[in-house]
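Working notes, structure below.
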Amino acid sequence: MSFNHHPQKFIDSFGRHIEDLRISVIDKCNFRCTYCMPAEGLPWLKKSELLTFDEIERLVRISVERGIKSVRVTGGEPTVRAGLPELIHRLVNIPGLEDVSLTTNGFLLRKMAKDLAEAGLTRINVSLDTLVREKFQHITRRDHLSEVLAGLEELEKYPSIRPIKINTVAIRGFTEPEVLDFARLARRKPYVVRFIEFMPLDADQTWSPDKILTGREIFEMINAVYPLVPVDTDPSSTSRVYRFADGKGEIGFINPVSEPFCSTCNRIRITADGQLRTCLFSTWETDLRTPLRSGMSDDQIGEIMLQAIKKKEMKHKINEPGFVRANRTMSQIGG
């Protein structure tokens, strides 16, 4: 490839510069969270159907050339993919990529935190919906709260990974009693707790609008006890971040249902089997695995991605009549 070659940047038809790529490395998970997959699990992809590390690295390089600045590695549960720290190391060393982060349920962090830190990971999100063992067991269908908390403690030993973000799905009738406990956790530890509104991506299809506990309601519950002050964030950021007025810690709110941020959405997703999705709620996908394996050039693959991005949806339409659920669950799409 010549050095004066400047591939066309990823810009969609609404003028949004696509800079954030979520890439799933596996569809399997060691939990069975009720809002993500059924108790018996799902039909898993065969190993040959998953993108290899070489293929993932190549897609990220192509994407960075075209304007991607930030990559988040997701799953399923990415830590169950063998050799994950090696992949993180490879991604961290791609020239021009500004940020590599990981989303995990935390179960394997106690033994993996050191390897991830040494691989160069600097940002992590740990999903944790409750601090109560019985509720944890109910929602994840696994009795592993103590392992997740131990993994978080282990992460604290590696100050290169900061902040440690905790993602809490807010579900009405489940989350309210613990809102202040999570706020206290964010004040006591180097964690940023972020409440995420419950979205219609559950395999059991139990989602309904009355189960949404809005970010605004949670904000008011916390602010009444621990006053909050807004923190400036990037306009394309999905979360609204606040710090506690006395300076002890931060808390965030991701409100995709009550306050959609679609107009500034700058992200795309690639599933573990190499399908490009331009929205979490897309009803269509673009196959990248076949082009990767059929000898296409980087330019040709980048062009396929660009054409898909040009069709990126304006918004997800959750709140509108005729909303069509995504054709895959969260674990199949990638967190």
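The values are calculated or read from the model by the stated rules, or taken from the named source; none is laboratory data. As the structure is a prediction and not an experimental result, all values here were calculated from the model. In this analysis, Cβ positions are derived from the backbone assuming ideal geometry, glycine residues included, and neighbour counts consider all displayed protein chains. Only protein heavy atoms, including side chains, enter the accessible area calculation; ligands, DNA and RNA are left aside. Shrake-Rupley method; radii C 1.70, N 1.55, O 1.52, S 1.80 Å.
With charges only on Cβ, +1 for K and R and -1 for D and E, what is the dipole size of the stretch 94-217 about its Cα centre, in debye, rounded to 20?
360
Could you check which residue among 30, 255, 125 shows the biggest mean-square fluctuation in a GNM of the chain with a 10 Å Cα cutoff?
30
Report residue 263's accessible area, 1.4 Å probe, all protein chains in place, as a number in Å² to the nearest 10.
Counting only protein heavy atoms, the figure is 80 Å².
Lys and Arg at +1, Asp and Glu at -1: add these up for the other residues within a Cβ distance under 12 Å of residue 89 and post the number.
Around residue 89, the surrounding residues sum to -3.
Rg to Rh for the stretch 11-157: what is it, with Cα atoms only and Rh by Kirkwood? Before the final figure, lay out each step's value.
Details: Rg = 16.3 Å, Rh = 16.4 Å.
Rg/Rh for the stretch 11-157 comes to 0.99.
Can you tell me how much longer the chain between residue 49 and residue 296 gets when fully stretched, taken as 0.36 nm per residue apart minus their C-alpha distance, in nm with one decimal? The partial results should precede the final answer.
Numbers: separation 247, 0.36 × 247 = 88.92 nm, distance 1.80 nm.
Result: 87.1 nm gained on full extension.
R0 = 22 Å: FRET efficiency of residue 153 with residue 115, Cβ-based, nearest 0.05?
Efficiency for this residue pair is about 0.85.
Regarding the stretch 89-157, what's the average projected area of the Cα-atom convex hull, expressed in nm²?
Working: hull surface 19.6 nm².
Value for the stretch 89-157: 4.9 nm².
Could you give the semi-axes, largest first, of the ellipsoid that matches the stretch 37-82, computed as the square roots of 5 times the alpha carbon gyration tensor eigenvalues and rounded to whole Å?
Each semi-axis is √(5λ); the values are 26, 13, 9 Å.
How many angstrom separate the Cα center of the stretch 1-41 from the Cα center of the stretch 276-305?
11
Expressed as a rounded percentage, what relative contact order does the chain have, with Cα pairs under 8 Å and six or more residues apart? Walk me through the numbers on the way to the answer.
Values: 660 pairs, mean separation 73.1, N = 335.
In percent, rounded to a whole number, it is 22.
Starting from the Cα of residue 248, step 7 Å along the direction of its Cβ; do the same at residue 317; then give the gap between the two resulting points in nm.
Rounded to a tenth, the inter-label distance reads 4.8 nm.
How big is the stretch 77-236 by Rg and Dmax over its Cα atoms, in Å?
16.6, 46
With springs only between Cα atoms under 10 Å, which of 165, 211, 311 fluctuates most in a Gaussian network model of the chain?
Maximum among the listed residues: 311.
Could you state how much accessible area residue 14 has, in square angstrom rounded to the nearest 10, with a 1.4 Å probe and all protein chains kept in place?
110
Cα to Cα, under 21 Å, and not fewer than 8 places away if on the same chain: which lysines meet these conditions relative to residue 114?
Filter leaves 157, 165, 189.
Summing Lys, Arg as +1 and Asp, Glu as -1, what charge do residues with Cβ under 13 Å from the Cβ of residue 302 carry, residue 302 excluded? Can you show the working numbers first?
Numbers: positive: 9, 58, 61, 66, 310; negative: 65, 298, 299, 303.
That works out to +1.
To the nearest 0.05, how large is the calculated FRET efficiency for residue 176 and residue 40 if R₀ is 25 Å and r is the Cβ-Cβ distance? Walk me through the intermediate numbers first.
Values: r = 30 Å, r/R0 = 1.19.
It comes to 0.25.
Over the chain, with every protein chain in place, what whole percent of the accessible area is carbon and sulfur at 1.4 Å, could you tell me? Walk me through the numbers before you get to the answer.
Values: 7620 of 14420 Å².
Carbon and sulfur atoms account for 53 percent of the accessible area of the chain.
Just add up the charged neighbours of residue 50: K/R +1, D/E -1, any other residue whose Cβ is under 11 Å from the Cβ of residue 50.
In short, +1.
When volume of the Cα convex hull per residue in Å³ is calculated directly from the model, which label among (1) 133; (2) 155; (3) 193 fits?
Matching entry in (1) 133; (2) 155; (3) 193: (1).
Expected output is a single nm value to one decimal: the length gained when fully extending between residue 6 and residue 86, i.e. 0.36 nm times separation in residues minus the C-alpha distance. What is it?
Length difference between fully extended and current span is 25.9 nm.
Applying 1/(1 + (r/R0)^6) with R0 = 30 Å to the Cβ-Cβ distance of residue 30 and residue 93, what FRET efficiency is obtained, to the nearest 0.05?
Step by step, r from the Cβ atoms, then E = 0.60.
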